[in-house]
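Please see the structure below; I have some questions.
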Number of protein chains: 2
Amino acid sequence: MLGTLKEEDIEKLLTEQYIGRLGCHVQGTTYIVPINYVYSNGKVYAHSAPGQKIRMMRSNPQVCFQVDQIRNTFNWKSVVCWGRFEEIADSSEKQNVLQGIIHRMMPLTNTPSEQPSHGTGKTDAYDEEIIVFKIVLYLKTGRFELNERYN
Amino acid sequence: MLGTLKEEDIEKLLTEQYIGRLGCHVQGTTYIVPINYVYSNGKVYAHSAPGQKIRMMRSNPQVCFQVDQIRNTFNWKSVVCWGRFEEIADSSEKQNVLQGIIHRMMPLTNTPSEQPSHGTGKTDAYDEEIIVFKIVLYLKTGRFELNERYN
């Protein structure tokens, strides 16, 4: 059985998951990259070191964001959204977002009380190496496939 | 530790995985969709019902293909490739590809000896509802992050 996800199922999947794929495009080149994110109220919050995806999104802020939950080939959900990249420059908003991302990610490791050993875990909002951004979603779609026989 | 995957590690990840994300772009819209695939010799083989991704790739065959293996936020591998969409029209090649995909997918369900109950498992090369295609890759890149502490 193939179907379309309801609005509430789309919101649930976006909220429950923490890894999505971001797709951006500049001058004939499409680029997909997995990102850690936190979803809240129609916005996807994430951070990144400077690099290809940031350069591309600064050039063309129209992006695609995709999240899925795949049990197997015949049982899956996938949400595809479109939105606009916006960089977060304000120090306190930046710090709030970074803390939210860290709190979302930390329980997923085996040492939840520790900070990660590399740059992505820094909470110093003044660290210019970390770019914090949001994707303001304007369209969300979702599909699923369910086959009890292969569940 | 962040790093670049060697050519052999890129080939290994592409071969071992069976779900990837395809990114296509037409007239300002980027679209990411998860697909089942079989990788062989620089080519990604897959099938699809007619729909948005097929329409988009027929219009612009330059696509991005991304595969990853994510243990957690601090331990992952990701391969990003670029290639050209080519539809497979020849009946015997189409049938060979479909059988290859089915053999790759079937051991992943709990009932490997059975055929799936819906269209994607059909092997009839004359079924015009199923489009079989390959992505001929021309560039493959790979990155990884490894943090024993969070493994």
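Any read-out appearing in this document is the output of simple, stated calculations on the displayed coordinates, not a laboratory observation. Nothing here was measured: the structure is a model prediction, and the numbers come from that model. When we count neighbours, we look across all protein chains shown, and the Cβ atoms used for this are built from the backbone with ideal geometry, even at glycine.
Could you tally the net charge around residue B:100, taking each other residue with its Cβ under 12 Å from the Cβ of residue B:100, Lys/Arg +1 and Asp/Glu -1?
Computed value for this residue: +3.
Would you mind counting up the charge near residue B:27? Only other residues with Cβ under 14 Å from its Cβ, with Lys and Arg at +1 and Asp and Glu at -1.
+2
Taking R0 as 30 Å, what's the FRET efficiency between residue A:93 and residue A:7 from their Cβ-Cβ distance, rounded to 0.05?
Plugging the Cβ-Cβ distance into 1/(1 + (r/R0)^6) gives 0.65.
In nm, one decimal, shortest first: how far is the label point of residue B:6 (7 Å from Cα along Cα to beta carbon) from the matching points in the other copies?
5.2
With labels modelled as points extended 7 Å from the Cα through the Cβ direction, what inter-label distance (nm, one decimal) is found for residue B:86 paired with residue B:41?
1.1
Can I ask one more? Which distances, shortest first and in nm, link residue B:69 to the matching position in the other copies, using label points set 7 Å out along Cα to C-beta?
Inter-copy label distances (nm, one decimal, shortest first): 2.5.
Which of A:84, A:21 has the fewest other C-beta atoms within 10 Å, and how do the rest follow up to the most?
A:84, A:21
Between helix A:91-105 and chain A, what is the angle of the helix's C-alpha long axis to the longest principal axis, kept within 0 to 90° and rounded to the nearest 10?
50
Right, something else. Tell me, what is the percent relative contact order of chain B, built from C-alpha pairs under 8 Å that lie six or more residues apart?
Relative CO of chain B lands at 34 percent.
Something else: Within a Cβ distance under 14 Å of residue B:61, other residues only, what is the Lys/Arg minus Asp/Glu net charge?
Charge balance near residue B:61 sits at +4.
Moving on to the next point. Take every residue in peptide A:64-76, count the Cβ atoms of other chains within 10 Å of its Cβ, and give the average of those counts.
5
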